[in-house]
Structures are given as C-alpha cells and as structure tokens.
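What follows is one structure encoded as structure tokens, with my remarks underneath.
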Amino acid sequence: MIDLLSNGRLEAGFVVGGGPEYYNFAMSPTSARDRFAEALSLARRAWSEPGPFRWDGEYYQLDCVNPWPRSLQDPHPPIWVCGVGSPSTLEMCARENLGYMGVNASQGHVDFVGQCEFFRNAAVEYGRQYDPARVGWLTHIHVAPNDDQALEEFGAHAAYGGLLTRGFGGPAKTFYPPGHMPPDRLAKWERQIRENYTAKAMPGDPPLMGTPDTVAERLIARLKDYKIGNVVMAFQWGSMPHDMVSRSMTMFAEEVMPRVRAEMDRYLDELYPDRTQSELASGGAVK
Amino acid sequence: MSAQMSNASTPMMEVSIARLGDGEPLVYLHDVLFDLVSADGEAPLLLEALAPSYSVVAPALPGFRDVKEIANFQSVGDYVLLLRDLFNKLGLQRPHVVGTGLGGWLAAELAVFYPEQLGTLTLVNSFGLRVEDHPTARFFDAAAPNALGGRKEIRELLFMSPDAAPGRDLLPDFPDDVTNERFFTHVHAASRIGWQPPAFYDPHLLGRLERISVPTHVVWAEGNKVVDLAHAHAFEMGIADAQLTVIDGAGYAIAVEQPEALASAITTFLDKNGTPSKASASNSS
C-alpha cells in the first residue's frame, strides 16, 4: 500500500533484530538467522507472486498467503538489510541480491572499507555485477558555519543521545545474547573491544561535522573508499533541537549534497561504467 | 586421565563419545560450562573419580562441539529422541544415567518418556522444573560477553569459591580466542533449549515426574545459586521413592569443586540400588 501511495518509491528495511529483543520476546537467538532467512523468503514470495499459496516452513506455517494489493514495483520493492559487519550477513546480501546498510557507527573507517570490499567480492562470486546502489552507510552528520561550532553543538547533544540509547536498550549485557553472533566472531569481538579500550585506540576517524567544505570533503573521501552509492544521514541525535537540525540539514542540502552527488556520480561512472539502476529497479529479485 | 574418543552415527547427528573406566555402564550427561570431556579426551575430575567403578560413556550434547549441529534441534523432544537413538546405537542395556544441570534435565526427560532405557537415574543440580517463586538464575546474563570485566560474574554464579583454581582454570577472565570460542559455543548450544526466560525448564516436566519408575537419586550442592534447593525438593517429591543427598562446601559447579565428594555420593547410591542388569531382569519378568 505504501508503495502505491508513494508511486513506487518504497524501500523496505529488514533487520535480524538487536540483542535485547530476544529477551523481550523470549525467543532463542540461536535460531534468529534461520528464522530471518525463512521470513525473508516468505515475504519476498508473498510480495512477488499473486496468491494464494501455502507456506509450510520450519518456523512459519500459513494456510493461505494472499496479500493485496501488490506493490507497484515489480516484482517487489528493494529490500535492505542492516548489519554491523558480520560476514554471514554481508554474504547473504550478496547472494540474495539485497541491499546492505552498514550501521556500524561504533566501528572505524578501515573496518567498513573491508566490509565493502568483502561485499563486492561476494557479489562477483555469486555471478552478479557489483552495484554501488546496493550498499549504504549510516552516519551522523552535523553542519555549522565553522568546524569548532559543529563539534561543540553535536558533542553536547550526542552525550544525551548516548544516555537515551542505553536507556532504551537495557543493560549492555543484553546486547549480545548467545547465538546472536557466531561463537568464533563473538570471541574475537570481545578481545578486540578489550584491546581497543586498553590501547585507547578507538577509531579516530575524522567526524563528518564542520563547515559545508569540511563535511563535503570528508564525506566524498569516505564514500570513494567505500565505493558505495548510498548514505543514510542521522542529523538529529540526542537532545539536538529542531532549529539546529533544520539549519544543519539546510546547509547540507544546499552546499554539500550537490557536490557529493556530482563527484560521486562521476567517480562511480568511471569505476563502473555500465552500472545502471536496473537492478535496483528490479526490486532486488534474483533474476 | 585421558578418555577414549569416538563418534557414533545416529539418524539426527554424529555424536562425539568419550569413554573411560571399567565396570557397569554409566552414561554421563554433561552441563553447560564445566564438565564436558574435551575434544582431545581430557576428562573432568568427576569422571576420573567414577572411572574405577564404572564404564563411563559421556556423549557431547548437540551443539557443544560445533553449533552447526543444533540446526535441526528445536525442542526438548528432539534431544530426548537423540538420546534414545544413541542408547540403541551403543547397545546400552539400562545403564546408570547421571546428569548435571542441563544434562540432568535431559536425563529426567528421557526417564519420563523412555523409562525402560535406564537402570538408575541420578540428577545433580538439575535444570528442568518450573518451581513457583524459585526461578532459575539468569544464567545467560552472567555468561554474557564482558570485554573488560572478564568472567567474574559467571564464576560467582557457578562456584562457591569463584576465585579458586577450578573456576579460574575453567573460566579465565581474559582467555585466548580458542578458549573463548569454546566458551561461547557452549553457551550458544545451551541457549538453544535453555533460553526462554526464566531459563532452563520444561513447564510440563513437573507433572510428568511420576512416570519415572527407576531408582532415582537427587544430588544437590548446598551452595547452588543457579537452581536452588526448592528444585531438589520438587524432584524428590515428584519422583516415587527418590532419595535426596545434599552436599555442602560446593556451589552449582560441584562436579569440579568437590568431584570426590560428588563421585562418592553417586557411587554410594548406585551400590545400594543394584546393577543395571538386575534392574533389567526384574523389569522384564
């Protein structure tokens, strides 16, 4: 319905779910990935195939699947999956032709460069041309008349944002329930957190905060390293007031966005001369 | 002492089996974090203490060697069927069955559904029951990753002396990647059936305990903070003629904190309650 109302502009985001949700819903996180995979297949089939049909899955059993109306986009709207760099998620997105949205703000630039490369290689392995439009990155952005002001404004409100996030999420120990991450990855992750903390070597990548020039330069540099065609920007965070967010967004839209678009179009065209919007328009269905 | 390792094929999965000792067959079903025989055959002290009297057969429960094993295990029933398949495959004739914690829960379920498979049943600090006002401890919270705080919280939950050698050796604060992967593998495997908060029980088991017809021994550590004594009494009340032994000076991880005392309690009961072959003979007549 939203796809029809928006004239075919809906993009759907699917998430496996955060750690605390397995507590809230009393569902074993060890079956999360299998359950997600089945739900994804079911949703895609329901969206793309005129019903009715039966679904006899391991986790879902439905006698009559028959959604109406169908989406304007055919076979269905593009699907995005959020992830924090788990190779199994990246691999699944490449295999199933889903968009991958990196939401790993807590990780560094180098980590995400590696994840993007992993995705590109995986896409090629599955016999698919890499499409920069299928990978995105989530980041905070704040634009102000000068660099110091931008950092100061964001810092003050982000501190509250951190508090808010913790309040929503429950104790940190609920963030990584067993099975949410494979054991080998969890073991390494735990050590890395400790090493980073001990060495005070948290990612010191330059933040996307400052004047339009600063933000444009840094954003373009990042996106070029990632070779991706999408960025999701979180302008509002924590206690940042509406007028400050509006000012930042307006400056971004007028002075940053046109530069980033032009430069990235040129750059991606050069790298991927035959990239098209066709795969995105196909709704991510495996052809 | 080193256990002899082998694999047994069952319809559901290939099961890793450790064997040690000599005597009447005794199947040992392990708990989550401290009494699984390692893949290269290193056995916990409890099994070494039982080995002079019994032929101990200790299978690794699904997922504990590799989490991929549990892909098709969705409910307690799957585990019970696996155990029955395994007993048949190994030709075990009414062995003694001893289970700790998670293993105790599965042993009790097996005894409910297939009482003819067991000679005797010994439940040590067993999970499995829902006891009003006595929920199992928040095991998975205590076992959650803690990059800076280490494993103190889980040690304090499991051990009476959390900073003494057995606890520190088994659950070091800042382990190497291999040890740490094993830790998370075991917690992951347990959470397949143990997750549903408050964790580790089958709401139907209490009402089915009366179906357990084999001689049953309930052994509890006085310092058990995971499943408290109310659970021991519930097992004792629910199973006809069950005998309860409470051992002091140990926490939930009694199998490694007081292995000799636990082995002695297990053996004393089994000595008095006949051999599996006698039980088998009397039952089939």
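The values are calculated or read from the model by the stated rules, or taken from the named source; none is laboratory data. Because the structure is a prediction, the values reported are computed rather than measured. Neighbour counts are summed over all protein chains in view; Cβ atoms, including those assigned to glycine, are modelled from backbone coordinates with ideal geometry.
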Quick one: count up the residues across region B:205-229 that are more than 17 Å from the chain's Cα centre (by Cα), small (Gly, Ala, Ser) and either part of a loop (DSSP other than H, G, I, E, B) or closer than 16 Å to B:GLY101 by Cβ (or both). 2
Can you find a residue that is more than 14 Å from chain B (Cβ to nearest Cβ), of a type in the set (Lys, Arg), farther than 30 Å from B:ARG138 by Cα and in a loop (DSSP other than H, G, I, E, B) anywhere in region A:6-15? yes
Qualifying positions in region B:113-130 - surrounded by fewer than 24 Cβ atoms within 10 Å (Cβ to Cβ) and over 19 Å from B:GLY194 (Cα atoms): B:PHE113, B:TYR114, B:PRO115, B:GLU116, B:GLN117
Which one of the conditions (1) out of contact with any Pro (no Cβ under 9 Å at 6 or more places or on another chain); (2) away from every other protein chain (no Cβ under 14 Å); (3) of a type outside the set (A, V, I, L, M) does B:GLN117 fail to meet, given that it meets all the rest? (1)
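Residues checked against (1) in a helix (DSSP H, G or I); (2) touching an Asp or Glu at 6+ places or on another chain (Cβ under 8 Å); (3) within 13 Å of chain A (Cβ to nearest Cβ):
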site	(1), (2), (3)
B:VAL131	no, no, no
B:ASN146	no, yes, yes
B:PRO162	no, yes, no
B:ASP169	yes, no, no
B:PRO172	no, no, yes
B:VAL178	yes, no, yes
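Of the residues B:LEU110, B:LEU102, which single one is within 27 Å of B:ASP271 (Cβ to Cβ), buried (at least 24 other Cβ atoms within 10 Å of the Cβ), within 14 Å of another protein chain (Cβ to nearest Cβ) and among the hydrophobic types (A, V, I, L, M, F, W, C)? First the steps, then the outcome.
Numbers: B:LEU110 fails: within 14 Å of another protein chain (Cβ to nearest Cβ).
Of the residues listed, the single one that is within 27 Å of B:ASP271 (Cβ to Cβ), buried (at least 24 other Cβ atoms within 10 Å of the Cβ), within 14 Å of another protein chain (Cβ to nearest Cβ) and among the hydrophobic types (A, V, I, L, M, F, W, C) is B:LEU102.
Is there a residue in region B:46-53 that is closer than 20 Å to B:LEU106 by Cα and in contact with a helix residue (DSSP H, G or I) (Cβ under 8 Å, 6 or more places away or on another chain)? First the steps, then the outcome.
Taking region B:46-53 as the starting set, the residues that turn out to be closer than 20 Å to B:LEU106 by Cα are B:46-47.
Filter once more, keeping what is in contact with a helix residue (DSSP H, G or I) (Cβ under 8 Å, 6 or more places away or on another chain): B:46.
For region B:46-53, residues closer than 20 Å to B:LEU106 by Cα and in contact with a helix residue (DSSP H, G or I) (Cβ under 8 Å, 6 or more places away or on another chain): present.
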Residues to consider are B:ALA142, B:ALA199, B:ALA147; find the one that is touching a residue at least 40 places away in the same chain (Cβ under 8 Å) and either surrounded by fewer than 17 Cβ atoms within 10 Å (Cβ to Cβ) or not β-branched (Val, Ile, Thr) (or both). B:ALA199
Among the residues of region A:22-56, count how many are assigned to a loop (DSSP other than H, G, I, E, B), surrounded by 13 or more Cβ atoms within 10 Å (Cβ to Cβ) and within 14 Å of chain B (Cβ to nearest Cβ). 2
Among B:ALA107, B:ALA111, B:ALA137, the single one that is of a type outside the set (Ser, Thr, Tyr) and modelled with pLDDT under 95 is B:ALA137
So the check is Cβ under 8 Å with 6+ separation or different chains; which pairs have a first residue in region A:32-53 that's closer than 20 Å to A:SER88 by Cα and a second one that's assigned to a helix (DSSP H, G or I)? A:ALA32/A:TYR22; A:ARG33/A:SER88; A:ASP34/B:ALA71; A:ALA37/A:MET92; A:LEU40/A:GLU96
